[in-house]
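Written out below as structure tokens is the structure these notes cover.
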Amino acid sequence: MKILVVGAGIIGAAIAWHAARAGARVTVIDAGEPGGAATRHSLAWINASWGNRLEYFRLRMAAMEDWRRLERDLPAIRVGWVGGLLWNLPRDRLEAFAAEHRSWGYDIRLVDGADARRIEPQLASPPDLAVHVAAEGAIEPLDTALALLEAAKVLGVNVIGHTPVRAIDMRDRRVVGVRTDGTRLDADAVIVAAGIGASRLMAGIGVSLPLAARPSLFIATTPREPLLNGIVLAPTMDARQTRDGRIVAAAGIDARDPAEAAQALLGDLQAMLGPGAGLSLASHARALRPIPDDGHPIVGMVDGVEGLYVAVTHSGVTLAPAIGRLVAQELVGGARAASLAPYSPARFRRAG
């Protein structure tokens, strides 16, 4: 089977590797540098945290286990299972979140200020109440996406960068490939994993994809000695420290002046860690997150268009290995996983 994946971020890379491993001939194409735009500006938190329905929680738990499998299969991929400390919800919602997820089997616990200080000693003012999940983790997102693409190349996958796909090519409502500027690439199936770019491609064939581009601000400091042990989700930002010592933070900010907003976010980060942190801004970026209208993944075949598949979601880092495995299983093996049933693109048409 000849599969063409549009989008070389973490989702597209995971699909490519799994599909090639299952025996497909795979090409990955991206409008920019392989590794993805949203992927490289991600906190890269691996979790099954709050806001999930039970079936979505189970999919995320399966994905967390898939990350452990990937670590075994591909030694170049390393997950830091550093745990997450979260206090960006009101007290009643924190308590309800912990109780619900504990009943579902999540290894979650409520902690007070003293426990929070033991978990993250550098916090200037630990929260009075937080939740802690020791089994949550993080990756270096760009490094991991590139490692998946390199492993895919070993299996024969062709990776093409800096080549925008202009249109999906069809004959009698069947996909036969894609068109770029002056070039046509043939395929038996096309998987659109292009993040926010997926809406434009689908609109070109008359398919509406309810997808919002949610802006956020992403900053990185210069490297420092260890200041954070794990992922922290505070009221003003989410943050973690990378392997090379940078502290990265993200906030849902749509700023007219990103440089000014980045300095303000750095100030919030400095306040959270105290004056001794001595942080300096190394970089900032405005990122756009692909958010389906109902907040859940869009993963599945497009009704009425044979051979066209969509794989777009927020929480792409958490879900990537599970989506890669399950999409390959469906396209190459012919069996759709029950865990993907709620996430078909057709659900939006039914709702409409």
(Q) Given a 10 angstrom Cα cut-off, can you work out which residue in Gly206, Gly324, Gly137 is the most mobile in a GNM of the chain? (A) Gly206
Q.
Could you tell me how far the Cα centroid of the stretch 206-264 sits from the Cα centroid of the stretch 284-303, in Å?
A. 18
(Q) Modelling each spin label as a point 7 Å along the Cα-to-Cβ direction, I'd like the Asp92/Glu55 distance in nm, to one decimal. (A) 2.9
Q: For the stretch 35-146, build the charge dipole from Cβ charges (+1 Lys, Arg; -1 Asp, Glu) around the Cα centre, then report which of Trp67, Gly51, Ile119 sits farthest towards its positive end.
A: Trp67
Q: For Gly177, list long-range residues whose amide hydrogen, built 1.01 Å from N in the peptide plane, is under 5 Å from its own amide hydrogen.
A: Asp169, Ala187
**Q.** In sequence order, calculated HN-Hα J values of the stretch 65-82 (Karplus, 6.51, -1.76, 1.60; Hz; x Gly/Pro)
**A.** 5, 5, 4, 5, 5, 4, 4, 6, 6, 10, x, 5, 9, 10, 9, x, 7, 9
Q: Would you work out what percent of the accessible area of the chain, with all protein chains in place, is carbon or sulfur (probe 1.4 Å)?
A: 50
Q) Where does helix 141-154 land angle-wise versus the long Cα axis of the chain, in degrees 0 to 90, nearest 10? A) 30
Q.
With a 1.4 Å probe and all protein chains left in place, how much accessible area per residue does the chain have, in Å²?
A. 42
Q) Whole-Hz Karplus ³J(HN,Hα) for the stretch 305-319, in order, using 6.51 cos²θ - 1.76 cosθ + 1.60 and θ = phi - 60°, x for Gly and Pro? A) 10, 5, x, 10, 10, 10, 9, 9, 6, 7, 6, x, 5, 4, 8
**Q.** Coil-residue trypsin sites (Lys or Arg not before Pro) of the stretch 189-251, DSSP, other Cβ within 10 Å capped at 14
**A.** Arg243
Q: Please state the charge dipole magnitude for the chain, taken about the Cα centre, from unit charges on C-beta atoms (+1 on K and R, -1 on D and E), reported in debye and rounded to the nearest 20.
A: 760
Q | Derived scalar couplings ³J(HN,Hα) [the stretch 97-111; Karplus, 6.51 cos²θ - 1.76 cosθ + 1.60; whole Hz; x for Gly, Pro] | A | 4, 5, 5, 4, 5, 5, 5, 8, x, 7, 7, 10, 9, 7, 10
**Q.** Debye, to nearest 20: dipole size of the stretch 144-254, +1 on Lys, Arg Cβ, -1 on Asp, Glu Cβ
**A.** 160
Q. With the chain treated as a Gaussian network of Cα nodes joined by springs under 10 Å, which of Ala234, Ala337, Ala147 yields the largest mean-square fluctuation?
A. Ala337
Q) In whole Å, what are the Cα extents of the stretch 56-188 along the three principal axes, biggest one first? A) 62, 34, 28
**Q.** For the chain, with +1 on Lys and Arg beta carbons and -1 on Asp and Glu, the positive-most of Val175, Gly206, Gly32 along the dipole
**A.** Val175
Q: Go ahead and collect, in residue order, the members of the stretch 280-312 whose backbone nitrogen is under 13 Å from a label point 7 Å along the Cα-Cβ direction of Arg174.
A: 305-308
Q: Assign unit charges at the C-beta atoms only (+1 for Lys and Arg, -1 for Asp and Glu), then state the dipole size of the stretch 1-86 relative to its Cα centre in Debye, rounded to the nearest 20.
A: 180
Q: Among [x] 20.9; [y] 22.0; [z] 20.2, find the value of Kirkwood radius over Cα pairs in Å that was calculated from the structure presented, and write down its label.
A: [x]
Q. Pairing the Cα long axis of helix 10-21 with the longest principal axis of the chain, what angle in degrees results, from 0 to 90 and rounded to the nearest 10?
A. 50
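The values are calculated or read from the model by the stated rules, or taken from the named source; none is laboratory data. These figures come from a predicted structure and were not determined experimentally. Cβ coordinates were reconstructed from backbone atoms using ideal geometry, including for glycine residues, and neighbour counts include every protein chain displayed. When the accessible area is computed, the model is the full protein with side chains, heavy atoms only, and any ligands, DNA or RNA have been set aside. Shrake-Rupley method; radii C 1.70, N 1.55, O 1.52, S 1.80 Å.
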